[in-house]
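A quick write-up on the structure given underneath.
The values are calculated or read from the model by the stated rules, or taken from the named source; none is laboratory data. On a predicted model such as this, the values are computed, not experimentally measured, just so you know. Every residue, glycine as well, gets a Cβ built from its backbone with ideal geometry; the counts of neighbours run over all protein chains shown.
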Amino acid sequence: MEHKKISVGNIPNAIVLSKVDAAERQLRTAIWLWFHDFDPVPIHALAAASVKVLWRLHEKHHTGHRMMFEQIIDLVRPEYRKAWIEHANATENYIKHADKDPFESHKFNPEMTRFTIMDGVRGLHAFNAHYPDECSVFTTWFVAHYPHLLTLDDPAHVNVAKAAKLQAERVTKAEFYAASINAINANKARAGASAHP
């Protein structure tokens, strides 16, 4: 990813960011770390931060897109919503803050991070129609592993899910990521070559 740099005061090469840039960078980094089985705590922190920024961007820009956690909140009875939101945000808040529970420990389920990442991927694409390679690879992996959770009415999506599942069952996550990125880059190279005969 290219960085737009400027000098700000006495800070040379400062990186100029928009909110969506920040959300995308956090999400792409979380995906890369997740595929390579790095520490799940910072992966979750990055993914959750990205989702929160995208949620607010959709809200402030009145896009009409609703993040997955918002849709779930709508299903919770009003009298339980506050408790559910606290529970849903417990890990994110625990790893970011120490004001309320500095001596407490916390149980964290790293398996939930994949759903947070998927929420971010959907939110980023819905906000600016941008679909970075990392997001494409993660979506393919997610569809391969959770086809029963998704509405796959399009036969092409069903076929992609089946093919990805076969590949994903034979390799590690890191190998799946590398093979997918290589395929994406090969397709880009072919497209570039055919555009310039």
### Task
Could you look through region 58-101, keep only residues that are among the acidic types (Asp, Glu) and part of a helix (DSSP H, G or I), and pick out the one that is farthest from Val20 (Cα to Cα)?
Glu79
### Query
Taking the condition assigned by TED's automatic domain parsing to the domain that holds Ala126, at pLDDT 80 or above and within 20 Å of the chain's Cα centre (by Cα), does His36 pass?
yes
### Query
Among the candidates Ser50, Ser105, which residue alone is touching a helix residue (DSSP H, G or I) at 6+ places or on another chain (Cβ under 8 Å) and either outside any loop (DSSP other than H, G, I, E, B) or over 29 Å from Tyr177 (Cβ atoms) (or both)?
Ser50
### Query
When you look at Phe115, is it surrounded by 11 or more Cβ atoms within 10 Å (Cβ to Cβ), among the aromatic types (Phe, Trp, Tyr), part of a helix (DSSP H, G or I) and modelled with pLDDT of 90 or more, yes or no?
yes
